[in-house]
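Structure first, then comments.
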Amino acid sequence: MITVIANLKGGSGKSTVAFNLGVWLLKKGHPVAAYDLDPQLTLSDIATVRREEGYSPPLQVYLAQEALADHLRYHPGEVIVDVGVANMPRMKEAISVAHRVIIPVPPSQPDVWATQRFMAMIKDAASKDNHPEILAFINRADTHHAVRESDEAEEALGMLPGVTVLPHRLYQRTIYRRSLSEGMAVFEIWPNCKAAREFDAFASSLFPELAKINTGRK
């Protein structure tokens, strides 16, 4: 399955999600090929840190290539694509063969508006023979129960036609920044912490067939 993780706006946390999801799948024994099509190459940098630190299993990350669609379809197992509008041609090519597009949405009204515009771009980029499923979720959600922005943004997302809103949020937690700098998934850094449990619920909703496989956490 080809999963594109993308957003119209920068700073949505898509590379963090792509990295942690890739490692989660690898820990489940599932083959993964990741593509970093963003000019910032954040996902590639994180994977390099992971490899240099000797963490196992390593995440194989490929960069933009000619005939990208053919490369994406070549791999067995799961293909995860991290891409933003800074590389619009590659994003459209990846979407044209994607099975699903996952949109991380920070909890703000401008991000909801951007998601609505991005959905129209996804539909334009989809090929006549391929219409990817569009999934969105609240990323970097507020951790304080009294703050209403996350609830309001999620409710607004649910009103957009053509998108499925995932019920599992990922919250604004410091451990995600550590994940990027250390080359480790959140559930590797601190097993059974809140972020680890939240991410496991999120990933399990995307891959229910792998949910019960132990990732090696204690």
For the list (1) surrounded by fewer than 23 Cβ atoms within 10 Å (Cβ to Cβ); (2) at pLDDT 95 or above; (3) out of contact with any helix residue (DSSP H, G or I) (no Cβ under 8 Å at 6 or more places or on another chain), I need the number of the one condition that residue 53 fails. (3)
Residue in the range 135-148 that is out of contact with any Pro (no Cβ under 7 Å at 6 or more places or on another chain) and closer than 27 Å to residue 60 by Cα present: yes
If we ask which residues in the range 148-167 are surrounded by fewer than 17 Cβ atoms within 10 Å (Cβ to Cβ) and in contact (Cβ under 8 Å) with a residue 24 or more places away in the chain, their number turns out to be 6
Could you check, for the range 58-73, whether at least one of its residues is surrounded by 17 or more Cβ atoms within 10 Å (Cβ to Cβ), assigned to a helix (DSSP H, G or I), acidic (Asp, Glu) and out of contact with any His (no Cβ under 8 Å at 6 or more places or on another chain)? no
Complete set of residues in the range 176-210 that are over 21 Å from residue 60 (Cα atoms), of a type outside the set (Asp, Glu) and surrounded by 18 or more Cβ atoms within 10 Å (Cβ to Cβ): 195, 196, 202
Of everything in the range 123-134 that's crowded, with 17+ Cβ neighbours inside 10 Å and at pLDDT 95 or above, which residue is nearest to residue 12 (Cα to Cα)? 134
Looking only at the range 135-147, how many residues end up being surrounded by fewer than 21 Cβ atoms within 10 Å (Cβ to Cβ) and either small (Gly, Ala, Ser) or more than 14 Å from residue 169 (Cα to Cα) (or both)? 2
If we scan the range 90-97, do we find a residue that is within 24 Å of residue 32 (Cα to Cα), surrounded by fewer than 17 Cβ atoms within 10 Å (Cβ to Cβ) and among the hydroxyl-bearing types (Ser, Thr, Tyr)? no
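The values are calculated or read from the model by the stated rules, or taken from the named source; none is laboratory data. Quick caveat, the model's predicted, so the values are computed rather than measured. When we count neighbours, we look across all protein chains shown, and the Cβ atoms used for this are built from the backbone with ideal geometry, even at glycine.
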